[in-house]
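Participant: Okay, here's the structure, questions in a sec.
The values are calculated or read from the model by the stated rules, or taken from the named source; none is laboratory data. Keep in mind the model is a prediction, meaning the values are calculated, not measured. Quick reminder, even Gly has a Cβ in these numbers, built from the backbone with ideal geometry, and neighbours come from all protein chains shown. Just so you know, the surface numbers come from the protein's heavy atoms only, side chains and all, with ligands and any DNA or RNA stripped out. Shrake-Rupley method; radii C 1.70, N 1.55, O 1.52, S 1.80 Å.
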Amino acid sequence: MSRTTDRQAVIVGIGATEFSKDSGRTELRLACEASRSALEDAGIPGAEVDGVSTFSMDNNFEIDVHRQVGGHELRFFSRTEYGGGAALGPFHHAYCALAAGQCQTVLIYRGMNERSGLRFGGGQIMNMNALNPDMIHFSHYFPSGFMTPASWIAMTARRYMHEYGATSEDFGRIAVSMRDFASTNPAAFYYERPITLDDHQNSRMIADPLRLFDCCQESDGAVAFVVTTAERARDLDVDGVRIAAVRQCALPSSRQVTPFYGDDIARFPEFDAMAGDLYETAGLQPDDIDVACLYDHFTPSILPQLEAFGFCKTGEAADFVRDGHISRGGRIPVNTNGGQIGEAYIHGLNGVAEIVRQLRGTSVNQVAGADHALVTAGAGVPTGAAILSRMEA
Amino acid sequence: MGAKSSQRIRPVENYDSAHFWQGLRDGKLLIQECGACGLRRHPPQPMCEQCQSLDWTTVESSGRGTIYSYTVIHYPEIPPFEYPNAIVLVDLDEGVRLASQLRGADPDDIAIGQRVIAKLVDVQDDLTLPVFEIAP
């Protein structure tokens, strides 16, 4: 029986540009292209967009995108902090704003030239202003040359290995699985280019224990969504995907990609804290989830997420992966678009788009009969997660 | 863009953190301690998260501690750092955790649980950092 209420948030449109290493156009143009595609997909004119949401590190003003898609008046706009950890922030905000009657049609976008422009993996800081909180925070790391997301997440991965006995090969199996999905996804940068575990083990060391093939890509591209109420969605000629549950989470131990000070940094405790709530709100259990997109900036981050969301017991994720459960045909296929490792790094939003395709039944790596899906935002940052469901499921 | 190619990025020194950086220049690794409840904290922050007091003092760390986690960075090679660059998270004996470089160790020999000691090193003009070595 559907639990949908009239003002529940439903994703009715998705759009994207191609994913590349050099888009050859501005981030604003990318954001506009993806947004226009999402509106066309939804069959909603831009004039109806009265809410816009994106997240930090996007360099495009909400009002510039809104104007160019033909928007008239913006009643709701928001921008969530913490980079990839905020990938579900806009969906959370849309969910709340729609339920509260604040607006009717929310456009969500992320457009970036993260490969041809400022590369996150390059050890650069976006804002060197001494009043900027990033700069204040990173002051305890950058002077030592501790400057890249790979090196920061390597710290948590090393600790996970120490606590639970996971190995580099366990990380490698995650990379192999995602590159397998990417190999059959024409939109993926690594289309038709699968790798073996040997390829992973022979890839260069980036920040021990992370090898090159443990790292997500750096990509140019944009992804956009249109979210409206269930009541409005029923009038559209689209397969809507409802946001069954969504929330964000930050804890006292949370930091900006440097979560080094908690009692146990092997885990990302935000996911442990959110999981029960999300399942309860959605009225579902782990067994009900058919497919997942878990944030994969680096392969090791998948392991504690599988545990937090109850697909396996704590400390058993490496075995779960080794047994093929997250791979093609497995119990809970993870990142069927190839993830940010195999498809593209659009700061988490391309994973949300893949979940929408899965629940519409249009993924190139379709999981048969997918009714419910889990999607997460960045690991090692204040983050978020959502359970999405087919409109009728 | 990042730092000038030959210089490390300098830390922000503000009302909350200047004591830490000046302490290093003065040869002391100073840890914040709440003036009300005594909770020690690092990195510096203005308010005690346990009792919300704005009063704080410092205790001088011995620099001794235990490796809690570590990474050895190989790529990208960012000037002026030398690679591989080993970074350790150290549980200091004074009860706080601190991230910094580890020098003089073969990367293959670094392990969680090893005892280390910080030396205060003038890494460039007007920038002194705690740099760890494996304890003898």
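Participant: Can you name every residue in the range B:66-91 that is open to solvent by 30 Å² or more (accessible area, probe 1.4 Å) and either within 9 Å of chain A (Cβ to nearest Cβ) or touching a strand residue (DSSP E or B) at 6+ places or on another chain (Cβ under 8 Å) (or both)?
Facilitator: Of everything in the range B:66-91, those that are open to solvent by 30 Å² or more (accessible area, probe 1.4 Å) and either within 9 Å of chain A (Cβ to nearest Cβ) or touching a strand residue (DSSP E or B) at 6+ places or on another chain (Cβ under 8 Å) (or both) turn out to be B:66, B:74, B:75, B:80, B:82, B:83, B:84, B:91.
Participant: Next question. So which residues in the range A:144-166 are of a type outside the set (Ser, Thr, Tyr), in a helix (DSSP H, G or I) and touching a strand residue (DSSP E or B) at 6+ places or on another chain (Cβ under 6 Å)?
Facilitator: Selection gives A:150, A:153, A:154, A:155, A:158, A:159.
Participant: A further question follows. Could you give every pair whose Cβ atoms fall below 8 Å, whose first residue belongs to the range A:153-178 and is within 13 Å of another protein chain (Cβ to nearest Cβ), and whose second residue is of a type in the set (Phe, Trp, Tyr) and in a helix (DSSP H, G or I), counting only separations of at least 6 or pairs across chains?
Facilitator: Between residues of the range A:153-178 that are within 13 Å of another protein chain (Cβ to nearest Cβ) and residues that are of a type in the set (Phe, Trp, Tyr) and in a helix (DSSP H, G or I), the close pairs are A:157/A:171.
Participant: Here's something else I'd like to know. Can you spot a residue in the range A:42-50 that is farther than 24 Å from residue A:383 by Cβ, open to solvent by 30 Å² or more (accessible area, probe 1.4 Å) and not in a loop (DSSP other than H, G, I, E, B)?
Facilitator: Within the range A:42-50, one or more residues are farther than 24 Å from residue A:383 by Cβ, open to solvent by 30 Å² or more (accessible area, probe 1.4 Å) and not in a loop (DSSP other than H, G, I, E, B).
Participant: Please find, among A:133, A:143, the residue that is more than 7 Å from chain B (Cβ to nearest Cβ) and not aliphatic (A, V, I, L, M).
Facilitator: From the options A:133, A:143, the qualifying one is A:133.
Participant: Determine which member of the set B:57, B:66 is free of Cβ contacts under 8 Å to residues at least 40 places away in the same chain, polar (S, T, N, Q) and either in contact with an Asp or Glu (Cβ under 6 Å, 6 or more places away or on another chain) or not assigned by TED's automatic domain parsing to the domain that holds residue B:21 (or both).
Facilitator: Being free of Cβ contacts under 8 Å to residues at least 40 places away in the same chain, polar (S, T, N, Q) and either in contact with an Asp or Glu (Cβ under 6 Å, 6 or more places away or on another chain) or not assigned by TED's automatic domain parsing to the domain that holds residue B:21 (or both) holds for just one of B:57, B:66, which is B:57.
Participant: If you take the residues of the range A:113-130 that are in a loop (DSSP other than H, G, I, E, B), modelled with pLDDT under 90 and open to solvent by less than 40 Å² (accessible area, probe 1.4 Å), which of them is nearest to the other protein chains (Cβ to nearest Cβ)?
Facilitator: The residue in question is A:123.
Participant: Working only within the range B:28-47, note down all residues that are more than 20 Å from residue A:138 (Cα to Cα) and over 15 Å from the mean Cα position of the chain (by Cα).
Facilitator: Matches in the range B:28-47: B:33, B:34, B:35, B:36, B:37, B:38, B:39.
Participant: Tell me the residue from A:137, A:72, A:93 that is more than 30 Å from residue B:125 (Cβ to Cβ) and in a helix (DSSP H, G or I), please.
Facilitator: The unique qualifying residue is A:93.
Participant: Next up: Taking the conditions exactly as written (assigned to a loop (DSSP other than H, G, I, E, B), open to solvent by 50 Å² or more (accessible area, probe 1.4 Å) and either within 14 Å of chain B (Cβ to nearest Cβ) or charged (D, E, K, R) (or both)), does residue A:259 satisfy them or not?
Facilitator: Spelling it out, it is not the case that residue A:259 is assigned to a loop (DSSP other than H, G, I, E, B), open to solvent by 50 Å² or more (accessible area, probe 1.4 Å) and either within 14 Å of chain B (Cβ to nearest Cβ) or charged (D, E, K, R) (or both).
Participant: Something else now. Restrict the check to the range B:119-133 and report whether at least one residue is surrounded by 13 or more Cβ atoms within 10 Å (Cβ to Cβ) and not in a strand (DSSP E or B).
Facilitator: no
Participant: Consider the range A:223-254. How many of its residues are within 14 Å of chain B (Cβ to nearest Cβ), within 20 Å of the chain's Cα centre (by Cα) and open to solvent by 40 Å² or more (accessible area, probe 1.4 Å)?
Facilitator: Summing the residues that are within 14 Å of chain B (Cβ to nearest Cβ), within 20 Å of the chain's Cα centre (by Cα) and open to solvent by 40 Å² or more (accessible area, probe 1.4 Å) in the range A:223-254 gives 2.
Participant: Continuing with this model, one more query. Here are A:22, A:6: which of them is among the charged types (D, E, K, R), modelled with pLDDT of 95 or more and either farther than 21 Å from residue A:357 by Cβ or within 21 Å of the chain's Cα centre (by Cα) (or both)?
Facilitator: Of A:22, A:6, the one residue that is among the charged types (D, E, K, R), modelled with pLDDT of 95 or more and either farther than 21 Å from residue A:357 by Cβ or within 21 Å of the chain's Cα centre (by Cα) (or both) is A:22.
Participant: Of all residues in the range B:7-18, which are under 21 Å from residue B:55 (Cβ atoms) and over 13 Å from the mean Cα position of the chain (by Cα)?
Facilitator: B:13, B:14, B:15, B:16, B:18
Participant: Within the range A:348-381, which residues are under 17 Å from the mean Cα position of the chain (by Cα) and part of a loop (DSSP other than H, G, I, E, B)?
Facilitator: A:348, A:363, A:377, A:378, A:379, A:380, A:381
Participant: Exactly one of (1) in contact with an Asp or Glu (Cβ under 8 Å, 6 or more places away or on another chain); (2) open to solvent by less than 40 Å² (accessible area, probe 1.4 Å) is unmet by residue A:104. Its number?
Facilitator: Residue A:104 satisfies every listed condition except (2).
Participant: Here is a follow-up. Report, by residue number, each residue of the range A:189-222 that is of a type in the set (Lys, Arg) and within 14 Å of chain B (Cβ to nearest Cβ).
Facilitator: A:204, A:211
Participant: I'd like the residue in the range B:5-61 that is of a type in the set (Ser, Thr, Tyr) and open to solvent by less than 30 Å² (accessible area, probe 1.4 Å) and, out of all such residues, is farthest from the other protein chains (Cβ to nearest Cβ).
Facilitator: Filtering first and then ranking leaves B:53.
Participant: Check residue A:326 against each of (1) in contact with a Pro (Cβ under 9 Å, 6 or more places away or on another chain); (2) among the hydrophobic types (A, V, I, L, M, F, W, C); (3) open to solvent by less than 10 Å² (accessible area, probe 1.4 Å); (4) under 15 Å from residue A:271 (Cβ atoms) and name the one condition it does not meet.
Facilitator: Only one criterion is unmet by residue A:326, namely (4).
Participant: Give the residue that is surrounded by the fewest Cβ atoms within 10 Å (Cβ to Cβ), with candidates limited to residues of the range A:335-393 that are of a type outside the set (Gly, Ala, Ser) and at pLDDT below 95.
Facilitator: A:392
Participant: Of the residues A:211, A:204, which single one is among the charged types (D, E, K, R) and in contact (Cβ under 8 Å) with a residue 24 or more places away in the chain?
Facilitator: Step by step, each of A:211, A:204 is checked, and only A:211 is among the charged types (D, E, K, R) and in contact (Cβ under 8 Å) with a residue 24 or more places away in the chain.
Residue-wise test of (1) among the hydrophobic types (A, V, I, L, M, F, W, C); (2) more than 27 Å from residue A:148 (Cα to Cα); (3) at pLDDT below 95.
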| position | (1), (2), (3) |
| --- | --- |
| B:9 | yes, no, yes |
| B:21 | yes, no, no |
| B:26 | no, yes, no |
| B:38 | no, yes, no |
| B:44 | no, no, no |
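Participant: Next question. Mind listing whichever residues of the range B:92-110 are in contact (Cβ under 8 Å) with a residue 40 or more places away in the chain and open to solvent by 40 Å² or more (accessible area, probe 1.4 Å)?
Facilitator: B:95, the sole residue that qualifies.
Participant: For the list (1) touching an Asp or Glu at 6+ places or on another chain (Cβ under 6 Å); (2) part of a loop (DSSP other than H, G, I, E, B); (3) under 21 Å from residue A:293 (Cβ atoms), I need the number of the one condition that residue A:193 fails.
Facilitator: The single condition residue A:193 does not satisfy is (1).
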